[in-house]
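Written below as C-alpha cells is the structure these notes are about.
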Amino acid sequence: MRVAATVDAHDEDLNGKASLGLESIDLGEVKPQSAALEAIPSEYVLRYQVLPVYFEGGTLVVAVGGVEHLDKVDELSVLVGKSLKPVLADPGQIRDKIEERFLEGMMEGISQDDDGPTANVDIDDTTDLADLQRMAGEAAVVQMVNLMFAQAVRDRVSDIHIEPYEREVKVRFRVDGILHEVASPPKRMQAAIASRIKILAELNIAERRLPQDGRIKLNIAGRQVDVRVSIVPTVQGERVVMRILDKGTSTLTMEQLGMRPDQLTLFRKLINIPYGMILVTGPTGSGKSTT
C-alpha cells in the first residue's frame with residue numbers, strides 16, 4: 001500500500017507539471033533510442049542528469065526530472081548544438097537509465113590497454129612531478145576516477161581499494177563488508193590514478209615515500225558525498241584506500257536499527273545518563289557510521 005501511495009503521489013506531481021505545457025513519459029515503457037543516447041556526450045548526460053530518449057524530426061527529446069531542470073536543457077542545447085525538447089519523467093527512472101547506459105561500461109573502459117592519451121606512456125615511481133601533474137589531469141584519468149566514484153556511490157560501496165601488484169593493479173569495492181574485484185587498470189597508469197586522487201584530496205603529489213591522509217568532498221548527481229582518503233607506499237607502488245560516506249543516504253531512526261523493544265528501552269535510558277561511554281563496534285562495513 002505504501003508503494004502504491006508513492007506512485008500515486010508521483011503521478012499527481014507529473015500531472016500537475018504537465019499542465020504547464022510539458023509532456024510526461026514513462027521510461028519503464030519507453031526505451032531510449034541508441035541514436036539518441038549517442039547524440040549527447042556521456043560527460044554532459046552525467047553532469048546535467050538529462051536523458052536523451054528519441055528523435056522527433058530534427059529535435060532530440062530529452063527526459064528531465066522536473067521543471068526546475070529546464071534551464072539545464074537550454075544550456076545543454078547550446079553546448080551540443082542541437083534543438084532539444086524536454087519531457088517530464090520520474091527522476092528515479094532517469095537516474096537508473098543513465099546509470100544503466102553510461103556507467104555500466106565504466107570498469108571495462110578502465111581496463112582498456114590501447115586507447116586514451118596514456119596508452120604509450122610508462123609511469124612509475126621515478127616519473128618526475130611535472131609529468132605526474134600532466135598525466136593526472138589527462139581526460140582519460142579524470143574520467144576514470146570520476147566514474148569510479150559515481151559507480152561506487154550507485155552500488156552503495158563503503159570502501160574503494162586500489163591495490164598495486166608487481167604486474168597489475170586491482171580496483172576492489174567493499175559492499176556489505178565483502179570486497180569485490182571490479183577492475184584491473186593498466187599497471188602503467190597506477191601513479192597517474194594515485195596522483196589524481198591526491199589532487200582531489202589536496203595532498204602532496206610529490207610525496208611518494210610516506211603515508212598521507214586526506215578528504216574529498218564530491219557532488220554526484222546532486223548527492224553530497226564525503227570520501228576519506230588513505231595513501232600508503234608499498235614496494236609495488238602506492239596503495240589507495242577510500243572510505244565513502246554518502247550524506248544522501250537516509251538516516252535511520254532508533255526504531256529502525258533492529259533492536260528489540262527491551263534493548264531500545266535500555267538504550268534510551270543509557271544515553272540519558274550524564275556520564276559513562278557507549279561503544280559502537282564492529283568490522284569494516286558493518287554499519288557503525290550509519291548507526
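Read the figures in this text as sums done on the coordinates, not as results from a lab. As the structure is a prediction and not an experimental result, all values here were calculated from the model. Here the Cβ is made from the backbone with ideal geometry for all residues, glycine too, and neighbour counts use every protein chain on show.
The calculated FRET efficiency for residue 73 paired with residue 142, based on their beta-carbon distance and R0 = 30 Å, is about 0.75. Working from label points 7 Å from Cα in the Cα-to-Cβ sense, the residue 273 to residue 181 distance is 4.9 nm. Among 288, 82, the order by Cβ neighbours within 10 angstrom, fewest to most, reads 288, 82. Of the peptides 239-247, 191-199, the order by per-residue mean of other Cβ atoms within 10 Å, starting with the highest, comes out as 191-199, 239-247. Along its principal axes, the stretch 26-67 has C-alpha extents of 24, 20, 17 angstrom, given from the largest down.
Using θ = phi - 60° and the Karplus curve 6.51 cos²θ - 1.76 cosθ + 1.60, what whole-Hz ³J(HN,Hα) does each residue of the stretch 269-276 get, with Gly and Pro shown as x? Result, ordered by residue: 5, 5, 6, 8, 6, x, 8, x Hz.
Compared with the alpha-carbon gap, the fully stretched path from residue 35 to residue 170 is longer by 45.2 nm at 0.36 nm per residue. Summing +1 for each Lys or Arg and -1 for each Asp or Glu among the other residues whose beta-carbon sits under 12 angstrom from that of residue 149 gives +1. Reported to the nearest whole Å, the Cα centre-to-centre distance from the stretch 32-104 to the stretch 196-246 is 32. When the C-alpha to C-alpha distance is required to be over 22 Å, the pairs from 247/288; 72/198; 31/247; 198/288 that qualify are 72/198; 31/247; 198/288. Fully extending the segment from residue 259 to residue 223 would add 10.0 nm, taking 0.36 nm per residue of separation and subtracting the current Cα-Cα distance. Residue exposure proxy: 226, 71, ordered by other Cβ atoms within 10 angstrom of their Cβ from fewest to most, comes out as 71, 226. Distances between placed amide hydrogens fall under 5 Å for residue 182 paired with 171, 172, 173, all partners being 5 or more residues away or on another chain. By the count of other C-beta atoms within 10 Å, a proxy for reagent exposure, 203, 179, 252 are ordered fewest to most as 252, 179, 203. Couplings 3J(HN,Hα) for the stretch 228-240, derived from phi with the Karplus relation 6.51 cos²θ - 1.76 cosθ + 1.60 (θ = phi - 60°), are 8, 10, 10, 10, 10, x, 10, 4, 8, x, 7, 9, 10 Hz, where x marks Gly and Pro.
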